[in-house]
Amino acid sequence: MTVVIWVCAAMLSLSAVLVLIRMAAGPTMLNRVVAMDVLIAVVVAGLGLEAALNRHATTLPILVVLSLVGFVGSVSVARFAAHDDKGEGS
Amino acid sequence: MTWLDVLSGACLLAGCALSLIAAIGLIRFPDLFSRMHAGTKPQVLGLLLILVGVGLRLRDWTDVGMLLAVAMFQLLTAPVAAHMIGRAAYRRGAVRQDTLLVDELTPALEAEDFGAGSGSGSGSDGDRQSGRT
């Protein structure tokens, strides 16, 4: 089980690095929002991996909160980006 | 190490592989809409597989209920967020037209604007006139 968890952690780390590259290089603000969604999902997956490795459930409420907060953040950025024509990005 | 652990490890491996695929797609795809494909579909499926793996490993009903809540929130919020981002990108003209095979929204919006005259009746969206190019 430990080997499986470490292989999963390596894949998640690589995907987080790729998502961070996209978030830094994304040409518009909305690309960065998409990358932020994926990064939050990667963080949720990492916390789940840690819970599965150590067989405890203390981080599971953090998963619920993260999934809701990521949704609110991306929707609010999308709303403000729709109105701001001269803003950063675009 | 029972067969439930083996199944859980398989689910975790598949979920992390899908997450890696989503990140590679996010890097390599050329357009915002195709990046949104990579950011919603493989990512959500990978996250669901990881949650299934964690639930199979923990095997407690309160933990499984919380994981079900996370999965339900993800399934409810990911299409809504993707729709909002795509809508904002389209309204402000940040869409590459050469990568679109079919664009049904621009003729529909033009027909609606033309039919409604000066837009007195269809003025529900204030950003429609300002954001479209």
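The values are calculated or read from the model by the stated rules, or taken from the named source; none is laboratory data. Since the model is a prediction, treat every value here as computed from it, not as a measurement. Glycine gets a Cβ as well: all are built from the backbone with ideal geometry, and neighbour counts include every protein chain shown. Calculation scope for accessible area: heavy atoms of the full protein, side chains included, ligands and nucleic acids excluded. Shrake-Rupley method; radii C 1.70, N 1.55, O 1.52, S 1.80 Å.
Structure notes:
- Taking only Cα atoms of the stretch B:3-95, radius of gyration then Dmax in Å: 15.7, 52
- The candidates B:THR62, B:THR99, arranged from most to least accessible area with a 1.4 Å probe in the full protein assembly, appear as B:THR62, B:THR99.
- Over the protein assembly as shown, volume per residue of the alpha carbon convex hull, in Å³: 125
- Translational D in µm²/s for the stretch A:1-82 (Stokes-Einstein at 4 °C, 1.567 mPa s, Kirkwood Rh from C-alpha pairs): 94
- To the nearest ten degrees, helix A:29-54 and the longest principal axis of the Cα atoms of chain A are 10 degrees apart.
- The Cys residues in the protein assembly as shown with no partner Cys Cβ within less than 4.7 Å of their Cβ are B:CYS11.
- For the protein assembly as shown, the mean residue ellipticity at 222 nm estimated from helices alone is -27000 deg cm²/dmol, where every DSSP H run of n ≥ 4 contributes -39500 (n - 2.57) and the total is divided by all residues, rounded to the nearest 500.
- Helix A:60-83 and the longest principal axis of the C-alpha atoms of chain A enclose an angle of approximately 10°.
- Accessible surface buried once B binds A (1.4 Å probe; total of both sides; Å²): 4200
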